[in-house]
């Protein structure tokens, strides 16, 4: 730990080429995320948020600039990083347990230990009865919990969440947000949550970073605090009724420049 | 009600087939009739030849389409792995797939002789269909699933083994269905050309000596066998799909 940021981006540019020409997805993005911090990145669709996560996950290389984890440049996918995608993408042909073990299998981890972890995670998320079931038997919220278990089973230190709740209905979203925040904070993970939902960002994160429209630039950063809750940080659900919530929301909303194109 | 309709159709067909030739409304030499088939069947069976002929056709077909599927799948994997070869070979594969391989029967007969040529036809037919279908299946793998395993650091080989191949099982069953039918066609035509045994041989031979009872018996047996094969695959598919519940 110490002063060194867990995750850092230095002057990162990302350009990619399509049939239409060159698109600049990210422009001169610099970020520092401390160990154990819960950061949320918000922005309009297409502003490069997911691309940012892919860079940290090591499945994309920056055109310019550096992406660092623990001070070392990212060379490719690493065991330290867990990536939760927008949808669960569970394999229909595997049992729930085997789905959770997927990452451990690929990374060649000790499968007996991984199995114990997987079973414990599934039990904790209330899915103990479905361990030997198949994905089609579960609802959307349950499947996303399985996806979370899959991501945590490899015991990553850094968690990248790419709009993990956006495919769910509203109530499930709220409930799962509380669960996820509690789990991740308790484990002391460093979390980067990408979302277009400002309320979600403000309720879950310690810091919110606003990305501009494409090409994505860091437009603003906000430290999120709820002093009105006393010493304890309120749960995501509780923050929605906190007095500070509205101010944060309006401020960020203004920054996102959400308006219909003239 | 539907079942009634089906039974009615079958009975009507059998009656027509029996009555028309007997009444000489149709030349019985040309069509034979159902009541003549059973004695023919029995005599074939008693002489011990029937099983030999059925075996010849069935074994050749099964070996043909299995070998075709295995080779075809391996080639599809090769093309998936080395995309360069896929791009180079693509037009040739399209032509090979479009061309009716049946046309090669005489060529194979000259090159390979009477036994091997039939196997060659069955394999040739299965291989190209399989390559195309399986490769297309590979391409249709959900890219997000591939992205998912890449985030865990999966190698190309792991992507193949853990995502692409298991995900292609429905496609493989589809290819199996197609192959069984096509391989059987190939084998029968091959037997027309060259064989001294097999149901195709019986059909051709029976036709040449104008023993239509022989021809019709063989055709009926062939219909039964192909249906049984198709049903076998149908139940295999149901068993596999039930476990995986593909329909998401």
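Of the residues making up segment A:99-118, those that are crowded, with 18+ Cβ neighbours inside 10 Å and more than 9 Å from chain B (Cβ to nearest Cβ) number 6.
Looking at the structure I just gave you, is residue B:143 away from every other protein chain (no Cβ under 14 Å), more than 21 Å from the chain's Cα centre (by Cα) and at pLDDT 90 or above?
Values: away from every other protein chain (no Cβ under 14 Å): no; more than 21 Å from the chain's Cα centre (by Cα): yes; at pLDDT 90 or above: yes.
Spelling it out, it is not the case that residue B:143 is away from every other protein chain (no Cβ under 14 Å), more than 21 Å from the chain's Cα centre (by Cα) and at pLDDT 90 or above.
Is it the case, given these coordinates, that residue B:175 is touching a helix residue (DSSP H, G or I) at 6+ places or on another chain (Cβ under 6 Å) and either under 30 Å from residue A:81 (Cα atoms) or not in a helix (DSSP H, G or I) (or both)?
Working: touching a helix residue (DSSP H, G or I) at 6+ places or on another chain (Cβ under 6 Å): yes; either under 30 Å from residue A:81 (Cα atoms) or not in a helix (DSSP H, G or I) (or both): no.
For residue B:175, the condition - touching a helix residue (DSSP H, G or I) at 6+ places or on another chain (Cβ under 6 Å) and either under 30 Å from residue A:81 (Cα atoms) or not in a helix (DSSP H, G or I) (or both) - is not met.
Residue-level analysis places residue B:150 outside the set of residues that are within 13 Å of chain A (Cβ to nearest Cβ), without any contact (Cβ under 8 Å) to a residue 24 or more places away in the chain, assigned to a helix (DSSP H, G or I) and under 28 Å from the mean Cα position of the chain (by Cα).
Looking only at segment A:55-64, which residues are within 14 Å of chain B (Cβ to nearest Cβ), in contact (Cβ under 8 Å) with a residue 12 or more places away in the chain and out of contact with any helix residue (DSSP H, G or I) (no Cβ under 7 Å at 6 or more places or on another chain)? Break it down into steps so the answer makes sense when it comes.
Residues of segment A:55-64 that are within 14 Å of chain B (Cβ to nearest Cβ), as a first pass: A:55-61.
From what is left, the residues that are in contact (Cβ under 8 Å) with a residue 12 or more places away in the chain are A:55-60.
Answer for segment A:55-64, where residues must be within 14 Å of chain B (Cβ to nearest Cβ), in contact (Cβ under 8 Å) with a residue 12 or more places away in the chain and out of contact with any helix residue (DSSP H, G or I) (no Cβ under 7 Å at 6 or more places or on another chain): A:55, A:56, A:58.
Looking at residue B:160, is it surrounded by 21 or more Cβ atoms within 10 Å (Cβ to Cβ), within 14 Å of chain A (Cβ to nearest Cβ) and assigned to a helix (DSSP H, G or I)?
Numbers: surrounded by 21 or more Cβ atoms within 10 Å (Cβ to Cβ): no; within 14 Å of chain A (Cβ to nearest Cβ): yes; assigned to a helix (DSSP H, G or I): yes.
No.
Residues being within 16 Å of residue A:184 (Cα to Cα) and either within 12 Å of chain B (Cβ to nearest Cβ) or part of a loop (DSSP other than H, G, I, E, B) (or both): count how many of those fall in segment A:125-157.
Selection size over segment A:125-157: 9.
Considering only residues in segment B:198-248 that are outside any helix (DSSP H, G or I) and in contact with a helix residue (DSSP H, G or I) (Cβ under 9 Å, 6 or more places away or on another chain), the one that is farthest from the other protein chains (Cβ to nearest Cβ) turns out to be B:210.
One residue stands out among those in segment A:65-83 that are in contact (Cβ under 8 Å) with a residue 60 or more places away in the chain and within 9 Å of another protein chain (Cβ to nearest Cβ): the one that is surrounded by the fewest Cβ atoms within 10 Å (Cβ to Cβ), which is A:79.
If you take the residues in segment A:98-113 that are more than 22 Å from the chain's Cα centre (by Cα) and not in a loop (DSSP other than H, G, I, E, B), which one is nearest to residue A:169 (Cα to Cα)?
Within segment A:98-113, the subset more than 22 Å from the chain's Cα centre (by Cα) is A:98, A:105, A:108-113.
Now drop any that are not not in a loop (DSSP other than H, G, I, E, B), which leaves A:98, A:105, A:111-113.
Numbers: A:98: 26, A:105: 31, A:111: 34, A:112: 35, A:113: 34 Å.
The extreme case among them is A:98.
The values are calculated or read from the model by the stated rules, or taken from the named source; none is laboratory data. Owing to the predicted nature of the structure, the values given are computational and were not obtained by experimental measurement. Using ideal geometry, Cβ is built from the backbone for each residue, glycine included, and neighbour counts are taken over all protein chains shown.
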